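K.L.:
Mind looking over this structure? Questions follow.
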Amino acid sequence: MATALDDGAPARGAPWPAFAALIGGALAMGASPIFVRLADVGPFASAFFRVLLALPVLYAWMRIEDAHASGPADAGPRFSAPVVAAGLFFAGDLFFWHLSILHTSVANATFFATTAPVWVVIFGWLAYRRQVDAAALAGLALCLLGGLALVWQSFAFAPEHLVGDGLAAGTGMFFGAYFLAVEQARKRHRAARATFHMSLVMAAVLAAVAIGAALALGQPLLPASLQGWAVLIALAWVSHVGGQGLLTVALGSLPAMFSSLVIFLEGLAAAGLGWLVLAEAVTPLQAAGGLIILAGIWIARPK
C-alpha cells in the first residue's frame with residue numbers, strides 16, 4: 001500500500017465540522033450490535049445486508065454530492081487502490097468480528113477489536129514512517145484502559161477462547177488498516193464517491209461469505225418477517241450509511257490516528273443504547289471507563 005499511495009496526512013479542513021462527523025459516525029456505528037442482535041438472520045448475512053441495503057442511499061448521496069461539488073473532480077479511477085483496499089479491509093473487519101463472536105465472549109471480542117488504533121500506529125509507521133507524539137500515545141493508552149473497564153465485568157482469559165480472541169484481534173488489525181486506507185482514499189475522492197465504491201467492494205466479498213455460511217453452517221440468509229427486514233434496513237442506513245459515511249467525511253480532515261479512537265466511542269454508544277433499548281445496567285466501572293475514554297480522546301485531539 002505504501003508504494004502506491006501518498007504518504008502524507010490528509011488535507012486539513014475546518015476541524016470542528018469533521019469532529020462532529022466523527023462523533024456522529026461513532027454513535028451510528030455503536031448502534032450496530034443492537035441491530036445485529038435483533039436481526040433474524042445469521043451474523044454473516046447481517047454483515048452482507050448492512051452493506052447491500054445501504055448502496056441505494058449511498059448512490060443517491062454520491063449523485064447529490066457530484067451535482068453540488070464546487071471543487072476539482074476526483075483524481076484517478078473510481079476503484080482506485082485505496083478504495084479497493086478500504087473495501088477489502090472493512091469486509092475483513094466484519095468477517096473476523098462476526099466469526100470471533102462465535103468462538104469467544106462478546107466482552108473479549110469487543111476489547112480485542114478496540115486495538116484498531118494500535119494497528120493504525122504500527123501500519124502508519126511501517127507504510128509511511130509516521131511518528132506519533134506523546135499526547136496521542138497517552139490518549140491511546142487512556143482509551144485502551146477505558147475500553148477494558150467497559151468490558152471488565154465479562155472479560156476473561158480462557159484457553160478455550162484463544163482462537164476467538166485471536167480472531168477478534170484480527171478485527172482490530174483490519175479496522176486499523178481500514179482507517180489508513182480511507183484516509184488515503186479521501187485524498188483522491190470525495191466522501192460519498194469513496195464510500196459508495198468501497199461499499200461495492202465490501203458487498204461483493206460479504207455476499208460470498210454470507211452464502212458460504214448459509215450453505216456450510218446453516219445460518220439463516222434471509223429475514224423471516226417484515227420486522228426482520230426493517231432491522232436490516234436500520235442497520236444499513238444508520239450504522240453503514242451514517243457510520244461509515246460520516247467517518248469517511250471526517251477522514252478528509254482529521255488524521256487516521258485520532259479518528260481511529262472512534263472505536264472507543266462506539267463502545268460508549270453501545271453501552272448507552274444497551275441501557276436504553278435492552279435495559280442492560282451500566283455499572284460504576286463502566287461509567288468510569290467512559291469518562292477515561294473521553295479524557296483520552298481530549299488529550300489525543302489534534303492541536
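The values are calculated or read from the model by the stated rules, or taken from the named source; none is laboratory data. Nothing here was measured: the structure is a model prediction, and the numbers come from that model. Backbone-built Cβ (ideal geometry, glycine too); neighbour counts: all protein chains shown.
K.L.:
Using beta carbons and a limit of 6 Å, which pairs, at least six apart or on different chains, have the first residue in the range 173-200 and touching a residue at least 24 places away in the same chain (Cβ under 8 Å) and farther than 20 Å from MET62 by Cβ and the second one hydroxyl-bearing (Ser, Thr, Tyr) and not in a helix (DSSP H, G or I)?
P.N.:
From residues that are touching a residue at least 24 places away in the same chain (Cβ under 8 Å) and farther than 20 Å from MET62 by Cβ, the pairs are PHE179/SER260.
K.L.:
For GLU280, all conditions in the list (1) part of a helix (DSSP H, G or I); (2) at pLDDT below 90 hold save one; what is the number of the exception?
P.N.:
Tallying (1) part of a helix (DSSP H, G or I); (2) at pLDDT below 90, GLU280 fails exactly one: (1).
K.L.:
Has the range 55-67 got at least one residue that is part of a loop (DSSP other than H, G, I, E, B), more than 26 Å from ARG129 (Cα to Cα), of a type outside the set (Lys, Arg) and at pLDDT below 90? Break it down stepwise before answering.
P.N.:
Here is the first cut: in the range 55-67, the ones part of a loop (DSSP other than H, G, I, E, B) are none.
The answer is no, given that none of the residues of the range 55-67 is part of a loop (DSSP other than H, G, I, E, B), more than 26 Å from ARG129 (Cα to Cα), of a type outside the set (Lys, Arg) and at pLDDT below 90.
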